[in-house]
1. Determine the dipole magnitude for the stretch 67-117: charges of +1 sit on the beta-carbon of Lys and Arg, -1 on that of Asp and Glu, nothing else is charged, the reference point is the Cα centre, and the result goes in debye to the nearest 20.
2. Would you tell me the accessible area of H98, worked out with a 1.4 angstrom probe on the heavy atoms of the protein chains, in Å² to the nearest 10?
3. What's the carbon and sulfur percent of the stretch 50-205's accessible surface, probe 1.4 angstrom, rounded to a whole number?
4. Summing +1 for each Lys or Arg and -1 for each Asp or Glu, what net charge is found among the other residues whose Cβ lies under 13 Å from the Cβ of Y188?
5. Sort the stretch 72-149 into rounded, prolate or oblate with this rule: let a ≥ b ≥ c be the square roots of the eigenvalues of the Cα gyration tensor; rounded if a/c is under 1.5, and if a/c is not under 1.5, prolate when a/b is larger than b/c, oblate otherwise.
6. Between T194 and A119, what is the label-point separation in nm under the 7 Å Cα-to-beta-carbon projection?
7. At a 1.4 Å probe radius, which order do D168, D55 fall into by accessible area, largest first?
Amino acid sequence: MRDKEDQRVDDSRRTWLIATSVAGGFGGVAAVIPFASSLAPSEKAKAAGAPVEVDISDLKPGDMKTVAWRGKPVWIINRTDAMLAEVVKADDEVADPHTEKPFSIPLPAYCNNEYRSRADHKNILVAVAVCTHLGCTPTPRFQSGPQANLPNDWPGGFLCPCHGSTYDLAGRVFKNKPAPQNLDIPRYMFTSATTIVIGKDEQGEA
Ligand code: FES
């Protein structure tokens, strides 16, 4: 018989699939992966892992958007200066501050820095929203300070609803949590000041 933890993990993943299936656009791509044979050629390519282009011209400071890449949710977050300052403060609180043990994909060299982002757009975080414990989708909890299910000195970040792992605003897991590693950072590049391509960089496609 399935236990409650299994059910919670399944529910979290199901929530992502339902959300993407109703969102259309990129989200729809993830949701229809099982039915890839019915897709048009360009949609099949996306479902299989082709790069995804994202317009972030509407992404205000402090906002995030979620797109699908390779069937996984990927966050794009426009961090404010205050949020970046919290990343620096979290260095001593996270388990692997320099991502020496990446999860499922290598950390791109250009993101091997304090903010885990490209230097010319350091405010923009691009991270795979798959908890490194058992794969649930964490929830953004950007507001700092005391609140439900978080410590009183919470600096802002993400909370996984399944077993309580927490991540900072660079997607680094806090110490002593079930999740062992930081969130993955995919390869990505800017093709204009307001356009990101996920799954591709100057070296080619991921
Ligand atoms: S899946 Fe267990 S803490 Fe995220």
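1. On the way: 6 positive and 8 negative charges, 88 e Å.
Using only the charged Cβ atoms, the result is roughly 420 debye.
2. 120 Å²
3. Values: 3390 of 6900 Å².
Ligands and nucleic acids excluded, carbon and sulfur reach 49 percent.
4. -1
5. rounded
6. Each label point is offset 7 Å from its Cα along the Cβ direction, giving 2.7 nm.
7. D55, D168
The values are calculated or read from the model by the stated rules, or taken from the named source; none is laboratory data. Bear in mind that the values here come from a model prediction, so they are computed numbers and not experimental data. Reconstructed Cβ throughout: ideal geometry from the backbone, glycine too, with neighbour counts over all protein chains shown. Side chains are part of the model used for accessible areas, which takes the heavy atoms of the whole protein and leaves out ligands, DNA and RNA. Shrake-Rupley method; radii C 1.70, N 1.55, O 1.52, S 1.80 Å.
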